[in-house]
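Report on one structure; see the data block that follows.
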Amino acid sequence: MITSFKMVKMAKLSLGMMIVLTVIILAPMALSATLKGSIYNTKLELETDTLVTINTQPEQKYLSKDGNYQFEVSPGKYTLTAQKIDEETSEEVEIVKEGEYVLDLFLIGGLGDEEDLWSDTEQELDTDVVMDTADNSWVYWLVGIGVLLVVAGVIWWWLKKGKKKPIVHIKKEAEASPAEETKSIKELKEELAAEPGYLDETIALIKRYGGRIYQKELRKEMLHLSESKISLILTELEHKGRIEKIKKGRGNAIILKG
């Protein structure tokens with residue numbers, strides 16, 4: 001009788017330990033979240049055969065054959081990296097609770113800091129100008145001398161007539177007025193709703209730049225609008241799924257979708 005009692009007691013103890021171990025093992029899984037997404041190239045097409053890495057403990061790596069990835073992670077801050085040959089991009093992501101998170105990655109070559117993007121283009125343009133003007137420099141000298149002689153003759157004629165040279169006022173390109181800059185978000189939204197053509201104008205401008213442009217360059221092209229209104233336009237287009245904003249260096253790259 002005593003032996004049976006001990007066996008029952010040991011069985012209960014074993015069962016209790018198994019329950020505790022099960023809770024310990026399943027607790028992290030209950031708090032885990034699913035992080036998934038797609039990898040795109042410069043043409044906004046799915047990029048295949050891409051190595052995706054996330055710095056969990058231990059580190060997880062996944063070779064995406066079809067341009068999609070998925071990881072199971074616990075709450076915390078991580079760095080997600082996609083790499084293919086010499087192209088690489090990294091994004092910071094924070095998992096705050098269990099659930100499903102979607103983060104797309106863009107393998108876009110040449111989209112580093114804005115200065116790096118445009119400096120090469122400017123150098124190429126400068127080289128082309130030097131090459132084009134080197135052989136025909138004497139022609140420009142003759143044209144310059146001729147223009148100076150004409151201007152000097154006109155000035156002399158006006159002085160001789162006792163008339164002042166008329167002042168020519170050059171009209172500057174229209175810029176956003178101070179009143180435009182001080183408008184509230186509500187007023188800007190109302191104007192944007194009344195003028196839907198601003199959205200189409202922005203889309204057309206991005207297409208003119210080959211489907212991608214930096215926000216800084218977009219601002220230069222749309223000086224007639226305030227910076228606040230341009231930001232609101234980009235936010236509206238991003239909400240409609242027409243564009244994607246990517247933080248690169250000290251600025252934003254605007255990518256046209258669809």
*Subtract the Cα-Cα distance of Val139 and Lys189 from 0.36 nm times their separation in residues, and report this length gain in nm to one decimal.*
12.5 nm
*Neighbour-count order for Ile243, Ile155, Ile85, fewest beta carbons within 10 angstrom listed first*: Ile85, Ile155, Ile243
*Residues whose placed amide H lies under 5 Å from that of Gln60, excluding near-sequence neighbours*: Ile54
_Let me check I've understood the local charge: for Glu47, count other residues with C-beta under 14 angstrom from its C-beta, Lys and Arg +1, Asp and Glu -1. What total comes out?_
-4
*Report, to two decimal places, the Cα Rg of the stretch 200-249 normalised by 2.2 N^0.38 Å (N = number of residues).*
1.05
*What ranking do Ile203, Ile145, Ile233 get, fewest neighbouring Cβ atoms within 10 angstrom at the top?*
Ile145, Ile203, Ile233
*Go through the stretch 49-90 and name the trypsin sites (Lys or Arg not before Pro) that are in a DSSP coil and have 14 or fewer other Cβ atoms within 10 Å of their Cβ.*
Lys65
*asked:* Can you sort Leu223, Leu148, Leu199 from fewest to most other Cβ atoms within 10 Å of each residue's own Cβ?
replied: Leu148, Leu223, Leu199
*Lys and Arg at +1, Asp and Glu at -1: add these up for the other residues within a Cβ distance under 12 Å of Lys77 and post the number.*
-3
*Nearest-20 debye value, the stretch 178-256 charge dipole, Cβ charges on Lys, Arg, Asp, Glu*: 540 debye
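Readers should treat all values here as calculations from the given coordinates under stated rules, not as data from a laboratory. Keep in mind the model is a prediction, meaning the values are calculated, not measured. Methodologically, a virtual Cβ is constructed for each residue, glycine included, from the backbone with ideal geometry; neighbour enumeration extends over all protein chains shown.
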